[in-house]
1. Just for helices (runs of 4 or more DSSP H) wholly inside the stretch 208-327: which have at least 1 residues that are among the hydroxyl-bearing types (Ser, Thr, Tyr)?
2. Cβ-Cβ distance below 8 Å, separation of 6 or more or different chains: which pairs start in the stretch 296-314 with a residue that is within 14 Å of Phe361 (Cβ to Cβ) and end on one that is in a loop (DSSP other than H, G, I, E, B) and of a type in the set (Lys, Arg)?
3. What are the residues in the stretch 13-51 that are farther than 15 Å from Ala122 by Cα and part of a loop (DSSP other than H, G, I, E, B), if any?
4. Looking only at strands (runs of 3 or more DSSP E) that fall completely inside the stretch 52-150, which ones have 2 or more residues that are surrounded by fewer than 20 Cβ atoms within 10 Å (Cβ to Cβ) and aromatic (Phe, Trp, Tyr)?
5. Identify the residue in the stretch 21-45 that is aliphatic (A, V, I, L, M) and closer than 19 Å to Lys75 by Cβ and, among all such residues, is surrounded by the most Cβ atoms within 10 Å (Cβ to Cβ).
6. Only one of these conditions is not met by Met133: (1) free of Cβ contacts under 8 Å to residues at least 60 places away in the same chain; (2) within 23 Å of Val313 (Cα to Cα). Which number is it?
7. If Val357 passes every condition in (1) in a helix (DSSP H, G or I); (2) crowded, with 21+ Cβ neighbours inside 10 Å but one, which one does it miss?
8. Does the stretch 257-268 hold any residues that are surrounded by 13 or more Cβ atoms within 10 Å (Cβ to Cβ), out of contact with any helix residue (DSSP H, G or I) (no Cβ under 6 Å at 6 or more places or on another chain) and free of Cβ contacts under 8 Å to residues at least 40 places away in the same chain, and which are they?
Amino acid sequence: MDAALSSALIPALQSEGQILATVNGCLGVITLNRPEALNALSLGMVRDLSALFKAWTNAPEIEAVVLMAAGRPGKPPAFCAGGDIRYFHRAALAGDTSLEDFFTEEYELNHLIHRFPKPSIALMDGIVMGGGMGISQGCKLRVLTEHSKLAMPETHIGLFPDVGGGYFLSQCPGQTGRWLALTGQTLSAGDAIEFGLGDVFVQSSALPGIVEAFMNGSQRNAEHVVATVMERVDLAPAGTQQQLRARIDKFFEPADVGAIMAALGASDDEWAVQTLATLNKRSPLMMAVTVEQLKRARSLSLADDLRMERDMVHHCFHLRQVSDSETVEGIRALAVDKDHHPRWNPAHIEAVSAAEVQAFFESPWSPAQHPLRHLD
């Protein structure tokens, strides 16, 4: 394919270099290029990713897409650490309406990637958290390495596992999805594949060859693109969390967070003690909201789950005064003041009322006005 045609297949991008795109033969290559921020997603990046996936959906010349990330020389890799939470904090306190746009457009992007009709490959090397999971879980081939660290750590900042987290975590085996959602536990490649959050493993030493082939090798059809990865696939190292399945299923089976924590507290098992200590650091309210989210998500389509999560994230910033938001407080403690002592309200799970939880699931929009009404 000549350079002029390749250029014509790439829409105008607005993130000022935070997203790079190129075309090689039948392959569209997207690179997240904000390595100094661990490739955390900005609104401009979300818009550029959406523009590329939309353009390439309708371009017959593009038969497959690869999603990867730029690294930092001499530092551990990061595919995408999530959304830009410092921006969330600033925008919320300033009443910046672009925050609403961010979540609407991010969730639209998550849906777009899940529904992309052509082979899509995510090279999930290094940190893959939150929004990074949102843009990778919908890809048809999720490629992991020994450096992959997958997590949905939103309860740590007084949020819930969004970006379709209700949809893909509720499909994890047994109670592993609930455990991941409440604790924010990080998974290695082997565990992620076992729990259905990854597909294949390659050694990180093989990645340069894969990337070189994608960027400069002959990519004549989608089958060849996929083969570029599959011929380098290796056996994933055994995970450590899979060995805990019996404990996870036992302790995270109770219907609500209070019962889960009581069961953990009644055990002298070291894993149970450590897990309870983790939950004691999370927002009690948002853990209760998360349990309800996953319960509802089991019977929802992806589109309906994203609509539900859009309602929920609106309430995270608007159900209370902004200064009293669990999410604003969680981000403050973790990433702004960095004192790591969030002042959760309520402070204990016993003080969380059913009415407080249910309020997160009442849509502020009618079906005809919902910002994600067009998702199918």
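1. Numbers: elements: 222-230, 245-251, 257-265, 270-279, 284-297, 302-318.
Counting at least 1 such residues, we get 222-230, 270-279, 284-297.
2. Listed by first residue and then by second, the contacts come to Arg307/Arg373.
3. Leu13, Gln14, Ser15, Glu16, Gly17, Gln18, Gly25, Cys26, Arg34, Leu38, Ala40, Ser42
4. Values: elements: 64-69, 78-80, 120-124, 127-129, 141-144.
Because the criterion is at least 2 residues that are surrounded by fewer than 20 Cβ atoms within 10 Å (Cβ to Cβ) and aromatic (Phe, Trp, Tyr), no strands (runs of 3 or more DSSP E) in the stretch 52-150 meet it.
5. The first filter runs over the stretch 21-45 and keeps only residues aliphatic (A, V, I, L, M), leaving 21, 23, 27, 29-30, 32, 37-38, 40-41, 43, 45.
From the residues that got through so far, the ones that are closer than 19 Å to Lys75 by Cβ too are 32, 37-38, 40.
Values: Leu32: 26, Ala37: 15, Leu38: 21, Ala40: 24.
It comes out as Leu32.
6. (1)
7. Result: Val357 fails condition (2) only.
8. Ala259, Ala262, Ser267
The values are calculated or read from the model by the stated rules, or taken from the named source; none is laboratory data. Remember, it's a predicted structure, so these values are computed and weren't measured experimentally. Note that each Cβ is placed from the backbone with ideal geometry, even for glycine, and that neighbours are counted across all protein chains shown.
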